[in-house]
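All remarks here apply to the structure that follows.
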Amino acid sequence: MPYVTTSQPATDCYPALIADVRAEFGDEGLMANVERFATAEEPDFLWEGRIEEHYLGEWLNEDEHADSLHCILILSHFRGQFVVASVVVDGDERPQFATMQRPYDNREAADQAFHAIAHR
C-alpha cells in the first residue's frame, strides 16, 4: 500500500442503516436495534464513510503466520459527526477493527486533526 492521502466525498451511512433496520425489523425498538448494529459493525461503517485516508504502516501481528494487516488513518463521516480514526484492514482492505477514534462536530476541526496526524 502506498503512503498517500486520498479523498472522496463525504457519505454518512447512518441514515441508510436506520432505513435498513426499520425494513428488516420494523419500528418497535428501532433505535435499540440500530445501536446494536452500529456498535457491532462500527469499523465497517467508519470505513465506508471515509472521506480521506492515509496509510500509516503495517500492523504488527503477534501471529507470524497470520495475513498481513495495515493501519490506515481515516477521516470519516458517521452518525452526523466527523470522525478521525485509525482502522486496521486486511490485504483486501476489509476493516478488522479500529484502534482509535475521535469524533468532531465540524469538518474543519476533523480536517486539522487528520492532517496533523497524517503529516507527522
Tally of residues being small (Gly, Ala, Ser), in contact with a Phe, Trp or Tyr (Cβ under 8 Å, 6 or more places away or on another chain) and part of a helix (DSSP H, G or I) across the range 65-120: 3
Within the range 18-57, the count of residues that are closer than 26 Å to Val88 by Cβ, in a helix (DSSP H, G or I) and acidic (Asp, Glu) comes to 5
Output yes when any residue across the range 16-26 is touching a Gly at 6+ places or on another chain (Cβ under 6 Å) and at pLDDT below 95, and no when none is. no
Residues of the range 70-120 being open to solvent by 40 Å² or more (accessible area, probe 1.4 Å) and of a type in the set (Gly, Ala, Ser), which ones? Gly80, Gly91, Ala116
Those residues of the range 32-67 which are over 22 Å from Val87 (Cβ atoms) and surrounded by 12 or more Cβ atoms within 10 Å (Cβ to Cβ), in sequence order: Asn33
Looking at Ala118, Ala98, Ala110, which is the one that is among the aliphatic types (A, V, I, L, M) and touching a residue at least 60 places away in the same chain (Cβ under 8 Å)? Ala118
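The values are calculated or read from the model by the stated rules, or taken from the named source; none is laboratory data. From a predicted model like this one, the values you see are computed outputs, not experimental measurements. As a convention, Cβ positions derive from the backbone with ideal geometry for all residues, glycine included, and neighbour counts pool all protein chains shown. Side chains included, ligands, DNA and RNA excluded: accessible areas come from the protein's heavy atoms. Shrake-Rupley method; radii C 1.70, N 1.55, O 1.52, S 1.80 Å.
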